[in-house]
Amino acid sequence: MGQSYYYYEGVKTFTSNLEKNQVVYGGVLPMAKMATGDWVRLVIFPLILDQELKSSGRSVKAKYVFLVPDWDTDEIQILGSNRFYLKPHGRVYKYQLDPEGCHENRSSHWESIFLEDVTVATQDLDKIDIEIIRASSLLSESSFVNMLRTALNEPESIIELAEKIFGPNDSPREPSRLAGPVCRQCKYSVGEMEYIKDWDRIQYSCSRCGNVQEADISEQEYWVQSEVLESAALSVIDPTLKIIRENDEYLNRESLIESFIDSNNKDRRDGFDKMVVPFVDSERGGHSIKELMEFAREWDEPHAELA
Ligand SMILES: [Zn+2]
Ligand SMILES: [Zn+2]
């Protein structure tokens, strides 16, 4: 298992020991306007980490990777007390409308806004090496497809993990789904699918427009439940360090993601280190990036308040 490093003290300890180049996973980009907590996790700590690294004089480099959850959706219905009992009733972010109409869709809108915000906010600072990965672009990767296949065909095994971590579900009214195809015609994910095992193909009939499609598993598009999508993406990104927040909901998420990755990659190497950052619970109100970086260097508790 990797090590955990806490707050700014942790950043200093981590960078002073580094010997190899780092792939730092910063997390999922929000599909809405970023709050202060998002800035702290996605921008402030990567910047602080990068500054420490550069000022340490080591020749180690770091790349910061972010995930665009374009195959996730908020158009779902929760079926019980455990939020892994769910089914989609709409479209994934990739096929939802841009809220402001300026980009192709909702996920490319928030992806662009993130990049613009970061570029503007870091104008006076050293550039950091950022890579943004769309979940939908990972379908050519075998470890991604393997986890997707599990979610499509054996969701029970993941739901069992989720019940251990998030608690049992009260009487489910209907079976939960964790992934399903996107209809090629109407782009909704509301239909019935059948997995054709011998050919590794998926047949899907849309209950909204009546379209029937059949193709190889790697030749369709999907809706995938949030944590499952992130797990599958992480199996490809294979970070050396992951930045995480320290609140209960988030830590439960983390442990599910790690268990799912481990159960799919038995020969996985040591696992990644974790950089734990405080949970900041407020709207971003007029603080500059430099101010936030100064505050962040003083935070040493799970929760941070902004004056
Ligand atoms: Zn837009
Ligand atoms: Zn359809």
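Only one of these is surrounded by 17 or more Cβ atoms within 10 Å (Cβ to Cβ), outside any helix (DSSP H, G or I) and among the β-branched types (Val, Ile, Thr): Ile130, Ile159. Name it.
After applying the criteria, what remains is Ile130.
Please enumerate the residues belonging to region 176-219 that are free of Cβ contacts under 8 Å to residues at least 12 places away in the same chain and either within 23 Å of Phe84 (Cα to Cα) or within 9 Å of ligand 2 (Cβ to nearest atom) (or both).
Glu194, Gly210 - these are the residues of region 176-219 that are free of Cβ contacts under 8 Å to residues at least 12 places away in the same chain and either within 23 Å of Phe84 (Cα to Cα) or within 9 Å of ligand 2 (Cβ to nearest atom) (or both).
For region 108-121, what are the residues that are within 25 Å of Lys61 (Cβ to Cβ) and either within 13 Å of ligand 1 (Cβ to nearest atom) or surrounded by fewer than 18 Cβ atoms within 10 Å (Cβ to Cβ) (or both)?
Once the filter is applied, which keeps residues that are within 25 Å of Lys61 (Cβ to Cβ) and either within 13 Å of ligand 1 (Cβ to nearest atom) or surrounded by fewer than 18 Cβ atoms within 10 Å (Cβ to Cβ) (or both), region 108-121 yields Glu111, Phe114, Leu115, Glu116, Asp117, Thr119, Val120, Ala121.
Looking for something among the small types (Gly, Ala, Ser) and touching a Gly at 6+ places or on another chain (Cβ under 9 Å) - is there at least one such residue anywhere in region 3-25?
Yes, there is a match, as at least one residue in region 3-25 is among the small types (Gly, Ala, Ser) and touching a Gly at 6+ places or on another chain (Cβ under 9 Å).
Name the residue that is farthest from Ser259 (Cα to Cα), counting only residues in region 125-160 that are among the acidic types (Asp, Glu) and in contact (Cβ under 8 Å) with a residue 40 or more places away in the chain.
Step by step, filter region 125-160, then rank; the result is Asp126.
Which condition from (1) at pLDDT below 95; (2) crowded, with 16+ Cβ neighbours inside 10 Å is the one that Asp267 breaks?
(2)
So in region 85-107, with the set limited to residues that are of a type in the set (A, V, I, L, M, F, W, C) and near ligand 1 (Cβ under 10 Å from one of its atoms), which one is surrounded by the most Cβ atoms within 10 Å (Cβ to Cβ)?
So the residue we want is Leu97.
Rundown of residues vs (1) at pLDDT below 95; (2) closer than 14 Å to Ile128 by Cβ; (3) in contact with a Ser or Thr (Cβ under 8 Å, 6 or more places away or on another chain), yes/no style:
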residue: Gly26; (1), (2), (3): no, yes, no
residue: Leu29; (1), (2), (3): no, no, no
residue: Thr36; (1), (2), (3): yes, no, yes
residue: Ile48; (1), (2), (3): no, yes, no
residue: Tyr64; (1), (2), (3): no, yes, no
residue: Leu79; (1), (2), (3): yes, no, yes
residue: Leu86; (1), (2), (3): yes, no, yes
residue: Glu100; (1), (2), (3): no, no, no
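Out of Asp72, Asp38, which single residue is without any contact (Cβ under 8 Å) to a residue 40 or more places away in the chain, surrounded by 19 or more Cβ atoms within 10 Å (Cβ to Cβ) and away from ligand 2 (no atom under 16 Å from the Cβ)?
Going through Asp72, Asp38 in turn, just one is without any contact (Cβ under 8 Å) to a residue 40 or more places away in the chain, surrounded by 19 or more Cβ atoms within 10 Å (Cβ to Cβ) and away from ligand 2 (no atom under 16 Å from the Cβ): Asp38.
The values are calculated or read from the model by the stated rules, or taken from the named source; none is laboratory data. Keep in mind that this is a model prediction, so the values were computed, not measured. Positions of Cβ are generated from backbone atoms using ideal geometry, with glycine treated the same way; all protein chains shown enter the neighbour counts.
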